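Data first, discussion second: the structure below is written as structure tokens.
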């Protein structure tokens, strides 16, 4: 992976790996993910995701940047031959233990997403799935899209469910004395990586080690994502935008009784917080 990027970018990506190795044990013990079974794996999915993915029984699926494998387990339970891939060795170890604890068969592989084709060998997939908080850690979406195309079987589906760039532009939360959501960060890529330095991760739990508090993110507008997939030879078949999230990102969000997900109150402007994009590889 490092040889494909300049030394500065490669070092930022290594810093991200250290950060996620440090976060993982905290996340595994956190109530946020509920890996002990208190939070059903299905609760991380919007209902439309299952409609878009279709039946999974006897299909080959790889979940890129899978972290603890919370969503990955749900795919295996629906009958898919499932592989989870993540660059964090800690995440892969915990994901294997979590799957074994729940009696679910998933093959977990440690690899950077850019090296996924090499790491997975001859395996090709009916579905390549990427979800919620993944793309911001990738500096080059053209290379990422090429990996998706290489991993897919002819006719296969790439499915991306990601936080909307509008959401990430809002910043982590409003000021305590300021309830309005204000644009604080870039929507479009162009100014390189943004450093975030925090002593704690986004879940409950102890502080991160002092040598692993820095993490680097790259902004990617929706147009950049779509253009990268088209450039890799994939055909966009669906693009959804939704105002709902699987957890309350902002304190004043309210729960939707039908979906169980969270959205801003009716008095706020309706803006997209998540998007889902489906793209297929042409049949050869």
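Ordered by packing density, taken as the mean number of other Cβ atoms within 10 Å over each peptide's residues, highest first, how do 107-116, 232-241 rank?
So the peptides 107-116, 232-241, ranked by packing, come out 107-116, 232-241.
For the chain, set up a Gaussian network in which alpha carbons nearer than 10 Å are linked by springs, and say which option among 273, 53, 85 fluctuates the most.
Result: 53 has the largest fluctuation of those listed.
Tell me the mean residue ellipticity at 222 nm calculated for the chain from its helices only (DSSP H runs of n ≥ 4, each -39500 (n - 2.57), averaged over every residue, nearest 500).
-8500 deg cm²/dmol
Compute the relative contact order of the range 100-208 as a whole-number percentage, counting only Cα pairs closer than 8 Å that sit 6 or more residues apart in sequence.
Here the relative contact order equals 20 percent.
Pop out the Kirkwood hydrodynamic radius of the chain from its pairwise C-alpha distances, inverse of mean 1/r, in Å to one decimal.
With all distinct Cα pairs of the chain included, I get 19.5 Å.
Peptides 67-73, 95-101: what's the order by average Cβ count within 10 Å, highest mean first?
Per-residue Cβ counts within 10 Å, averaged per peptide and sorted highest first, yield 67-73, 95-101.
Starting from the alpha-carbon convex hull of the range 1-87, give the projected area averaged over all orientations, in nm².
Result: a mean projected hull area of 7.0 nm².
Within a 10 angstrom radius of the beta carbon, how do 30, 198 rank from fewest other beta carbons to most?
Lowest count first: 198, 30.
Over the chain, what is the relative contact order in whole percent, taking alpha-carbon pairs under 8 Å and six or more residues apart?
RCO, the chain: 19 percent.
Suppose R0 equals 51 Å; then what is the FRET efficiency for residue 236 and residue 211 from their Cβ-Cβ distance, rounded to the nearest 0.05?
For residue 236 and residue 211, the calculated efficiency is 0.80.
Relative contact order for the range 191-230: what is it in percent, counting Cα pairs under 8 Å that are at least 6 residues apart?
Averaging sequence separation for qualifying contacts and normalising by length gives 42 percent for the range 191-230.
When a footprinting reagent is the concern and you count Cβ atoms within 10 Å, what order do 196, 220, 164 take, fewest first?
196, 164, 220
Determine, for 117, 271, the number of other Cβ atoms within 10 Å of each Cβ, and report the residues in order from fewest to most.
Exposure proxy ranking, most exposed first: 271, 117.
Laboratory data are not the source of any read-out in this text; all were calculated from the coordinates shown. Just so it is clear, the model here is predicted, and its values are computed rather than measured. With ideal geometry, Cβ positions are generated from the backbone for all residues, glycine too; neighbour counts draw on all protein chains shown.
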